[in-house]
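The block underneath contains the structure these notes are about, expressed in C-alpha cells.
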Amino acid sequence: MAIHKQIEGETLMNKKYTLGALGAAMLLSSTLAVAEGNRYTPTYKVEITNITSNVQFTPVLAVTHRPALQLFELGEPASPELSLLAEGGATGPLQTLLDAFPSQVGDTETTEGLLGPGETVSFRIKASHRYRSLSLAAMLLPTNDTFVALNNVPLPRRYRSTYFAEAYDAGSEPNDEICANIPGPQCGGEGPSPEFGGEGFVHISPGIHGEADLAASAYDWRSSVAKVVITRVR
C-alpha cells in the first residue's frame, strides 16, 4: 500500500482500520512496541552517495517499515506530503505522516544539509523483525519536482546490500525549468508551486531538457542518481 492510501485505511494484523479507530490502533501498536523493545533490535548504517555530475540532493528522509508500506506507486498521484518534499525539499510533513503510523513504521531519520556530487552522507536507523524494509527520498536540485528514492527495499539480514536509486518525478508541478519556480543554490526560487498542471502521477523522471533557465549540458543525468549501501551493524 502506498503512504497516500494510509489516510483511508491501514493493514494491522491482516485487518483494515480507518482513522476513526486510529487511537485504538496506536494503543495496540504501543503495546506491541513495548513487547518488542525487550527483543534484539537490529541497527543499520545507511550510506548515500550522490553519483550525478552536477545535481545536489536536499536532506534525505529515510524510514524502516513493514513490507506492505510504500512511499508512492508509479502511475498514481503523489501524496501531498511527498509533493512538498519533491517540490521544495521539505521532509517534515512526510516524516510526521510516517511517524503517525507506528503499526507500520519502525524508525525515521533525516540527514542535514545539501549533498553535492560525489559526496556521501551516512546515518544509522533501527529496524526489527516486523519492520524489515527501508525507503528513502530527497529532492534533486535544480528541478521542479524530481526526487531520488528507494521505495520499499528489503534490509539485509546479514552484512550489507547495495542499491542504485533512480530519480522520480512527483507529477505535482509543471517541469517548466524556470528558476523562479525552483529552490536551491543554483536557482534561488520558490519551493512548492501554487499552480497545478503537473502530470498528476509519479513517474520516472525524464531529466533536464534545457527548456528555460536550466542547461541540459550542465544538469541532465541518465540512469541512477545515487548509490545506497545498507550495512547491518548490530
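Values quoted throughout were computed directly from the atomic coordinates according to the rules given, and no laboratory measurement underlies them. This one's a predicted model, so the numbers in the text were calculated from it and none came from an experiment. Cβ coordinates were reconstructed from backbone atoms using ideal geometry, including for glycine residues, and neighbour counts include every protein chain displayed.
A few points about this structure:
- Computed FRET value (nearest 0.05) for R130 with L74, which takes r as the C-beta separation and R₀ as 22 Å: 0.30
- Calculated diffusion of the range 47-197, Stokes-Einstein form, Kirkwood radius summed over Cα pairs, 10 °C and 1.306 mPa s, µm²/s: 101 µm²/s
- Each of A137, T231, G198 was scored by the projection of its Cα onto the charge dipole of the range 104-234, and the greatest displacement toward the positive side belongs to T231; charges sit on the C-beta of Lys, Arg, Asp and Glu.
- Net dipole in debye of the range 40-232 [+1 Lys, Arg Cβ; -1 Asp, Glu Cβ; about Cα centre; nearest 20]: 1660 debye
- Residue order for V105, V121, V55, fewest other beta carbons within 10 angstrom first, comes to V121, V105, V55.
- Listed from fewest to most Cβ neighbours within 10 Å, the set F164, F201, F147, F101 follows the order F164, F201, F101, F147.
- Applying a DSSP loop filter and a limit of 11 other Cβ atoms within 10 Å to the GluC sites (Glu not before Pro) in the range 129-197 leaves E195.
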